[in-house]
1. Out of the range 98-153, which residues are crowded, with 20+ Cβ neighbours inside 10 Å, among the basic types (Lys, Arg) and in a helix (DSSP H, G or I)?
2. Among the residues of the range 79-86, is there at least one that is at pLDDT 95 or above, more than 16 Å from the ligand (Cβ to nearest atom) and in contact with a Cys (Cβ under 8 Å, 6 or more places away or on another chain)?
3. Being more than 30 Å from ALA98 (Cβ to Cβ), among the hydrophobic types (A, V, I, L, M, F, W, C) and either in a loop (DSSP other than H, G, I, E, B) or modelled with pLDDT of 80 or more (or both) is the filter here; which residues of the range 22-65 pass it?
4. Among the residues of the range 378-401, are any among the charged types (D, E, K, R) and either under 26 Å from the mean Cα position of the chain (by Cα) or buried (at least 22 other Cβ atoms within 10 Å of the Cβ) (or both)?
5. Out of all the residues in the range 302-312, is one or more more than 16 Å from the ligand (Cβ to nearest atom), touching a Pro at 6+ places or on another chain (Cβ under 8 Å) and part of a helix (DSSP H, G or I)?
6. Of these, LYS154, LYS149, which one is among the basic types (Lys, Arg), in contact with a strand residue (DSSP E or B) (Cβ under 9 Å, 6 or more places away or on another chain) and more than 29 Å from ASP68 (Cα to Cα)?
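The values are calculated or read from the model by the stated rules, or taken from the named source; none is laboratory data. These numbers were taken from a predicted model, which means no experiment stands behind them. Here the Cβ positions follow ideal geometry from the backbone for every residue, glycine too, while neighbour counts run over all protein chains shown.
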Amino acid sequence: MADELTRRRFLGTATAVGMGLSRHSLAEQATVPVTVCNPLLRTPLSLIIDDSCPVINKAYYWIQQRHDWRLRHAPDSKPSGWEVHYDKLDRMPNTIPAAFAAEWGEWCGEQGIRGKYSMVPFPAGVGRIDRGFPGFPEQELKDWLRAAKEIIWKNFDLTPEMLTHTRVVDLKTWELTDQWEQGEWVDPPVDKLTEYITTAMQLLKNVGIACEGVTSPGAFGRRKEMAHARAVLEAALQVNNNPRPFYFMNMVMGAMPGVPLWHVDKARGRAIASIVGCAGDWFGATGFDVADPDLFIAADLQGGRLPAVLAQERPCVLVGHWPCFYVNERIGFKVLKEVKKRLDAYDPDRTKTIWMKNSEIGHYWMAKELSELSVNGSECRVRTQFPTADFTLSLPGRAARRVQVNGTDLRQVRSQRDFRGGTFRVTDKETFVAFDLKQGDMVLSITQ
Ligand SMILES: [Zn+2]
């Protein structure tokens, strides 16, 4: 009952109004706000990969199962979604090799790309990640787990994308039902939701993956988003003792994205973040869908969706579906390489953007919106149950000569390029400080 069901948005900045940082007399002290900024004054970038799973190409089985299902249940209806590619199944492999996952993960690591990578735990009902894939070489699952855990996980959160990403599983029999996770369970039975999500997380746990959140297959849960968010938080606590998970369900194409936080319990340091994608999958989805780097960021570095979002300094989360990175001559991987090249040209000295995992964005926004800031003379106090890396504050007023956090000096840097956690930077208008925010109280002492 101690729960505040509060929707918090990007623009709700945590602001403390204090008595100023100067040592002047009270009469001269201006009322100045302390503001939480974007991390290291850079706009988050993040890459979400959906539909990735060990061993199999999920798109291949999704299309096949959807086709069979339609012929049985609605033979007069037209194919919809990816089923329109049924005639291309012979050009789609039914597996994606672990060696490719390793290569892709290494490349992302070298490039500094971070984000979220799905590991569907019982993909298409073909095999369980903790039991094996009948009909496929055993070694392939082992190699897949190694690639996911040792290479990809360094830079990407790993999440289930519920159990099969095709048909709903009956958890008593482990048989597939006639319902679809992204069909009927767009409006899920709330009483079954927590058990279903807990099971998905547990399968990953069984192979040593403590997931940081979940991904909705399609619009799974969207018509009961609050119940979904509640179930994910409960499952995360139950399986991984994680009080601050995230989920990915929503994308905004017209409006600007934020990071809504739900089910906030400030005292216990619990909340769940909704990570919102800001662009369509223009990597090619199945390998045979729209694949166009210009829609993300045009060659002139101004056109496209990403520059518009970055200009507003909003979390810029790209979404792609795993099959296209491999299928059809790696068309999606080619698009990703071009998009990354252009993003690097957009921000050549890396002063404007910062790649983050989904969980890092979630934790940052919790710290930003749920921490209590107070200013008293030359001291600024931050009280929080929501820790994060690189917590960045703007202290308007005069230039600081020295900044200490809990008695430890931050190093002064002269340029935005060098601005990192554990440093402070002075401009003509304000002082920016960045440090790792820990649970409890932290005190900043500012000397002018
Ligand atoms: Zn998906």
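1. none
2. At the first step, the residues of the range 79-86 found to be at pLDDT 95 or above are 79, 82-86.
Keeping just the survivors that are more than 16 Å from the ligand (Cβ to nearest atom) gives 79, 84, 86.
Subsequent filtering for residues that are in contact with a Cys (Cβ under 8 Å, 6 or more places away or on another chain) retains none.
No, because not a single residue in the range 79-86 is at pLDDT 95 or above, more than 16 Å from the ligand (Cβ to nearest atom) and in contact with a Cys (Cβ under 8 Å, 6 or more places away or on another chain).
3. Kept after step one, since they are more than 30 Å from ALA98 (Cβ to Cβ), are these residues of the range 22-65: 22-43.
Still in the list and also among the hydrophobic types (A, V, I, L, M, F, W, C): 26-27, 30, 32, 34, 36-37, 40-41.
Listed by number, the residues that qualify are ALA30, VAL32, VAL34, VAL36, CYS37, LEU40, LEU41.
4. Step one: filter the range 378-401 for residues among the charged types (D, E, K, R), giving 379, 381, 383, 390, 398, 401.
After this cut, where a residue has to be either under 26 Å from the mean Cα position of the chain (by Cα) or buried (at least 22 other Cβ atoms within 10 Å of the Cβ) (or both) as well, the list is 383, 390.
Yes, because at least one residue in the range 378-401 is among the charged types (D, E, K, R) and either under 26 Å from the mean Cα position of the chain (by Cα) or buried (at least 22 other Cβ atoms within 10 Å of the Cβ) (or both).
5. Checked against the condition, which is being more than 16 Å from the ligand (Cβ to nearest atom), touching a Pro at 6+ places or on another chain (Cβ under 8 Å) and part of a helix (DSSP H, G or I), the range 302-312 yields at least one hit.
6. Numbers: LYS154 fails: in contact with a strand residue (DSSP E or B) (Cβ under 9 Å, 6 or more places away or on another chain).
Exactly one of LYS154, LYS149 is among the basic types (Lys, Arg), in contact with a strand residue (DSSP E or B) (Cβ under 9 Å, 6 or more places away or on another chain) and more than 29 Å from ASP68 (Cα to Cα), namely LYS149.
For (1) crowded, with 22+ Cβ neighbours inside 10 Å; (2) more than 30 Å from GLU369 (Cα to Cα); (3) at pLDDT 95 or above, each residue gets a yes or a no:
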residue: GLY269; (1), (2), (3): no, no, yes
residue: TRP282; (1), (2), (3): yes, yes, yes
residue: ALA291; (1), (2), (3): no, yes, yes
residue: LEU295; (1), (2), (3): no, yes, yes
residue: ASP300; (1), (2), (3): no, yes, yes
residue: ALA311; (1), (2), (3): no, no, yes
residue: CYS324; (1), (2), (3): yes, yes, yes
residue: THR351; (1), (2), (3): no, no, yes
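To keep it simple, each residue is scored yes or no on (1) within 16 Å of the ligand (Cβ to nearest atom); (2) closer than 30 Å to ARG383 by Cβ; (3) among the β-branched types (Val, Ile, Thr).
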residue: GLY213; (1), (2), (3): yes, yes, no
residue: PHE220; (1), (2), (3): yes, no, no
residue: LEU233; (1), (2), (3): no, yes, no
residue: TYR247; (1), (2), (3): yes, yes, no
residue: ARG268; (1), (2), (3): no, yes, no
residue: ALA279; (1), (2), (3): yes, no, no
